[in-house]
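I have placed the structure first, in the form of structure tokens, so that the comments after it can refer back to it.
Bear in mind that the values in this text are calculations on the coordinates, not laboratory data. Note that the structure is predicted; figures quoted are calculated from it, not measured. All Cβ positions, even for glycine, are placed from backbone atoms using ideal geometry, and neighbour counts span all protein chains on display.
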Amino acid sequence: ISKRLAIVPEDATVRETEKILMSKVPKEDWIKSHHRMIFWGRYQCMTRAPKCETCPLLEICQEGQKRIK
């Protein structure tokens, strides 16, 4: 999710992704943010069949915009 929304670089490793997200999200929100991203990936932005056409984040999602075209 963080790569699709360009929060972290596409080629970031797991450790790099974690470090970047930890610097952007306040510490008190880490657990909630972690779970939100998991559920977002599970129900809205699935790997094989993301629901781009109904996504409220489509405006900021470069990958979703490519898929819709």
**Asked** From the list 20, 38, which residue is of a type in the set (A, V, I, L, M), out of contact with any His (no Cβ under 7 Å at 6 or more places or on another chain), part of a helix (DSSP H, G or I) and loosely packed, with under 12 Cβ neighbours inside 10 Å?
**Response** 38
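Somewhere in segment 23-30, is a residue free of Cβ contacts under 8 Å to residues at least 40 places away in the same chain, in a loop (DSSP other than H, G, I, E, B) and surrounded by 12 or more Cβ atoms within 10 Å (Cβ to Cβ)? Walk me through how you get there before you give the answer.
Initial filter on segment 23-30 (free of Cβ contacts under 8 Å to residues at least 40 places away in the same chain): 23-30.
From what is left, the residues that are in a loop (DSSP other than H, G, I, E, B) are 25-26.
After this cut, where a residue has to be surrounded by 12 or more Cβ atoms within 10 Å (Cβ to Cβ) as well, the list is 25.
Scanning segment 23-30 turns up at least one residue that is free of Cβ contacts under 8 Å to residues at least 40 places away in the same chain, in a loop (DSSP other than H, G, I, E, B) and surrounded by 12 or more Cβ atoms within 10 Å (Cβ to Cβ).
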**Asked** Out of segment 41-52, which residues are hydrophobic (A, V, I, L, M, F, W, C) and assigned to a helix (DSSP H, G or I)?
**Response** 52
